[in-house]
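The values are calculated or read from the model by the stated rules, or taken from the named source; none is laboratory data. Nothing here was measured: the structure is a model prediction, and the numbers come from that model. Glycine gets a Cβ as well: all are built from the backbone with ideal geometry, and neighbour counts include every protein chain shown. SASA here: full protein model, heavy atoms, side chains in, ligands and nucleic acids out. Shrake-Rupley method; radii C 1.70, N 1.55, O 1.52, S 1.80 Å.
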Amino acid sequence: MKVYFDGSRPDHQEALRALWSATYPGKDLHGLISDQWKEMGWQGRDPSTDFRGAGFISLENLLFFAKTFSARGKRSAWEYPFAVAGVNITFMIMQMLDLDAMKPRTFIRSVFLQILSENEWAFDLLYCVAFVVMDKQWLERNATYMEFNDVLKSTRAQLERELLMDDVLRIEDMPSYNILS
């Protein structure tokens, strides 16, 4: 979480290239600063400017999602900026789980830490669930870009409800996990 994106680091540059390749297989990237990034939903030609508070982990989350599941929604891909939405989802999860605190201050965090102790990929899987829940809610509401924050808040509330269910001991137990399949 404390690793900020650094466009001068070769491993960070490679992660961006890997995200492009996973999202657009077979389509050449013309550079780490290029108008092509706007196609993926970055705000400008240089995706490094969009990471801000979520840091490098948000790029890792996007890459995990792109490699493991489908990186782009069917219809919503052009209705909200995919990449920036992904960065916001990482930040939302970090806030929801109170990950800045030295020790758990919320019950939801304690629940998640137990899940994480059983599966090192729990954060990545929760991210993927959050993304598909957000996408589903977006489509169901026929939301506009101006409603993005409301959809994100609603997504957070749904994730919190599901994580606190008695029978949810793993991310895979969450009812919304089935949307990933």
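Compute the distance from the alpha-carbon center of the range 13-59 to that of the range 104-174, in whole Å.
So the two Cα centres are separated by 24 Å.
Could you sort 156-167, 23-34 so that the peptide with the highest average Cβ count within 10 Å comes first and the rest follow in order?
Numbers: 156-167: 14.6, 23-34: 12.5.
Going from most to least packed, we get 156-167, 23-34.
Restricting to Cα pairs below 8 Å that are 6+ residues apart, what does the relative contact order work out to for the chain? Please round to a whole percent. It would help to have the intermediate numbers written out before the result.
On the way: 197 pairs, mean separation 34.1, N = 181.
Once divided by the residue count of the chain, the mean separation gives 19 percent.
Considering just Cα atoms, how many Å³ per residue does the convex hull of the chain enclose? Let's see the in-between values first.
On the way: hull volume 21.3 nm³, N = 181.
It comes to 118 Å³ per residue, whole-number rounded.
Summing +1 for each Lys or Arg and -1 for each Asp or Glu, what net charge is found among the other residues whose Cβ lies under 12 Å from the Cβ of residue 110?
Local charge sum for residue 110: +2.
Once ligands and nucleic acids are excluded and a 1.4 Å probe is used, how much of residue 169 is accessible, expressed in Å² to the nearest 10?
120
Please compute the net charge surrounding residue 31, taking Lys and Arg as +1 and Asp and Glu as -1 over other residues with Cβ under 11 Å from its Cβ. Mind showing how you got there, number by number?
Working: positive: 17, 45; negative: 28, 35, 46.
Charge balance near residue 31 sits at -1.
What's the angle, to the nearest 10 degrees (0 to 90), between helix 107-118's Cα axis and the longest principal axis of the chain?
The angle comes out at about 70 degrees.
May I ask you to give the percent of accessible area on the chain that is carbon plus sulfur, with a probe radius of 1.4 Å? Don't skip to the answer; put the middle values down first.
On the way: 4970 of 9480 Å².
After summing per-atom areas, the C and S share lands at 52 percent.
Reachable lysines from residue 103, Cα under 20 Å, same-chain residues fewer than 8 places away excluded?
2
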